[in-house]
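**Student:** This is the structure, below, for whatever I ask next.
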Amino acid sequence: MMLLASHGFMIPCLPRMNSEGMRNRPFYSMRFANVDGVYHVADDSATSHRVQRRRCDCYDHYKQLIPYMEAWCWQKSLVRMRHDLVGRDEDHSDMLIILQHPPVYTLGTGSLEKYLHFNIQDSPYEIYRTERGGEVTYHGPGQLVMYPIVNLRYHKMDLHWYLRSLEEVIIRVLSSTFAIKASRIKGLTGVWVGNKKVAAIGIRVSRWISYHGLAVNVTTDLSPFQRIVPCGLQDRETETIRERI
């Protein structure tokens, strides 16, 4: 999957993937796409504005199961590198990491343990408390996870805009690729099909550089969600794209 310039913030599409030389290399050493474009960004007023041309390096590992801790550490390393480059006034690209995780639960910085239906010391899967926003969620095989590392100074320094833009990516892709009518629900973050959530979003922004990101349930086994209250929403269910096509 890679990003193309569009009337949305970023639009993913399926890549041509070359697996030559992938064995015995760390997953973060392999870059599959470089996207250089001008984006037209939709905002809440249905207007759009032109943002500065930016290069986006896409690390596409959607066929691999990458341990959560490994991907998390990589993100933080990339953010630190970009802080250093900003401090030296040096150019740097935006990035997108695409992957799947082995089964894992993650909690946001302020997540409440009351949303776990098990003792946190006896979790059925690995569990991590992270610095992202949002409540508890599950990641696992069949779920497409995307981590944009974006310097919002070059786009728009507005977290509400950024969250809505990430949602718009998923809404448009579900419509154009699968003819699925997805939407937002006022006051909630994420993407929904009817009353069921197909994509969760949780981000962290450090000195206007974003990391963490979004997770789309494609063919995910949803049973692990039954052991938590996903995103702290008691009356909402999760769903997969597969169930809708």
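**Student:** Can you check how the C-alpha radius of gyration of the stretch 125-194 compares to 2.2 N^0.38 Å, as a plain ratio?
**Tutor:** My calculation over the Cα atoms of the stretch 125-194 gives 1.27.
**Student:** Under a cut-off of 16 Å between alpha-carbon atoms, report the lysines in cross-link reach of Lys181, not counting same-chain residues fewer than 8 places apart.
**Tutor:** Counting by Cα, and skipping residues close in sequence, Lys181 has these lysines nearby: Lys196, Lys197.
**Student:** In which sequence would His83, His61, His160 go, from the one with the fewest C-beta neighbours within 10 Å to the one with the most?
**Tutor:** His160, His83, His61
**Student:** Right, here's the next one. Strictly greater than 18 Å: what percent of every Cα pair in the stretch 140-245 meets that?
**Tutor:** Details: 2710 of 5565 pairs.
Tail of P(r) above 18 Å: 49 percent of Cα pairs.
Readers should treat all values here as calculations from the given coordinates under stated rules, not as data from a laboratory. Note that the coordinates shown come from a computational prediction; the quantities given were computed from them, not determined experimentally. Glycine gets a Cβ as well: all are built from the backbone with ideal geometry, and neighbour counts include every protein chain shown.
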